[in-house]
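The values are calculated or read from the model by the stated rules, or taken from the named source; none is laboratory data. Bear in mind the structure is a predicted one, so any value in this text is a computation, not a measurement. Positions of Cβ are generated from backbone atoms using ideal geometry, with glycine treated the same way; all protein chains shown enter the neighbour counts. Surface areas here come from the heavy atoms of the whole protein model, side chains and all, with no ligands, DNA or RNA. Shrake-Rupley method; radii C 1.70, N 1.55, O 1.52, S 1.80 Å.
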Amino acid sequence: MKYLPQTHNIPYQLAQRRQATPAPENPTTAWNSFKGNAHVIEALFYRQHGLCAYCEIELELMADKGIGRHIEHILPKSLNSELTFEYSNMLLSCFSSGGEITATANDPAPISCGHANSKKANNWDVSLFIKPTDNDCERYFSVELDGEIIPHPQLTSNETQHAHYTIELLNLNCLRLKRLREEIIIEGYNIINELQGSSVALENFLKLEMSEVNGKLREFINLRKQHFR
Ligand SMILES: [Zn+2]
């Protein structure tokens, strides 16, 4: 999970719309009629350094490229009408609406993050959910060598419960994500081993892993920080 600090820099179109309709009677209809999505997507994309705030996979600005993306209401707008146009309740999540990948026998539940069935169901427990907008969200998670995301071993039992709940809710341990994370870990450690003889090359590699290029970070940045820094 990538921490998403709050900002006062709210896209103009969204601020205008919120002022006009602070708590729409029918949030879904109101949201679907909003014409400023592209501005919100671009603002969120750069605020999130090009990564899905939940799983940290790389996103693309163009809707038809990569895994797709959508504006996600962190707390559901259907239950919180006043948050329909509230920027602090939004983030960019992987998958476009209608652009989700299909389940296979090997990976029966490949959809994660905002479009995960459990998250979309809107009947989840807000008090147990760790949000990317929580300023200490990143410390709750740790990634094992096999790519599994687990509650950080140093958490209290109460915090562990929150982390477990959030991982399940967002389906962050689907096979697809687990495999991607495992590949990065294996590849990273292989490179580190190969570069053991050259401290300059190793330092350059580690620096590149953490670096930001054109406002974008490497995907799964917290995994990289945990394992390669
Ligand atoms: Zn995601």
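Per-structure values
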| item | result |
| --- | --- |
| Gain upon complete extension [LEU145, PHE129; 0.36 nm per residue less C-alpha separation] | 3.3 nm |
| Cβ-Cβ FRET estimate between GLN226 and ALA38, R0 fixed at 41 Å, reported to 0.05 | 0.75 |
| Between 0 and 90°, nearest 10: helix 175-194 axis offset from the chain longest Cα axis | 30 |
| Point-to-point label distance, MET210-ASP107, nm (Cα→Cβ direction, 7 Å offset) | 3.0 |
| Candidate residues THR166, THR160: accessible-area rank, largest first, probe 1.4 Å | THR160, THR166 |
| Cβ-Cβ FRET estimate between GLU183 and GLN19, R0 fixed at 41 Å, reported to 0.05 | 0.35 |
| Rounded to whole Hz, the Karplus (6.51, -1.76, 1.60) HN-Hα couplings of segment 112-124, x for glycine and proline | 10, 6, x, 9, 4, 3, 5, 6, 5, 5, 6, 10, 8 |
| Per-residue [θ]222 nm for the chain (sum of -39500 (n - 2.57) over DSSP H runs n ≥ 4, rounded to 500) | -11000 deg cm²/dmol |
| Prolate/oblate/rounded label for segment 106-194 (Cα gyration tensor, a/c 1.5) | oblate |
| Computed P(r) (all Cα pairs; the chain; 5 Å bins; percent) | 1, 6, 13, 17, 19, 17, 12, 8, 4, 2, 1, 0, 0 |
| GNM result for the chain, Cα springs below 10 Å: residue of LEU169, LEU128, LEU59 fluctuating most strongly | LEU128 |
| Global form of segment 47-125, assessed from the alpha-carbon gyration tensor, a/c cut-off 1.5 | oblate |
| Three-way shape label, segment 56-180, alpha-carbon gyration tensor, a/c 1.5 | oblate |
| Whole-percent carbon and sulfur share, accessible surface of the chain, 1.4 Å | 50 |
| Solvent-accessible ranking of LYS119, LYS216, LYS2, LYS35, largest area first, probe 1.4 Å | LYS35, LYS216, LYS2, LYS119 |
| Ranking by accessible area, most exposed first, for HIS164, HIS49, HIS70, HIS8 with a 1.4 Å probe | HIS8, HIS164, HIS49, HIS70 |
| Pairs from LYS131/LYS216; LYS77/LYS207; LYS35/LYS131; LYS35/LYS119; LYS120/LYS178 whose Cα-Cα separation, in the structure shown, is over 31 Å | LYS77/LYS207 |
| Rounded to the nearest 10 Å², the accessible area of LEU195 at probe 1.4 Å | 40 |
| Solvent-accessible heavy-atom area per residue, rounded to whole Å², over the chain at 1.4 Å | 52 |
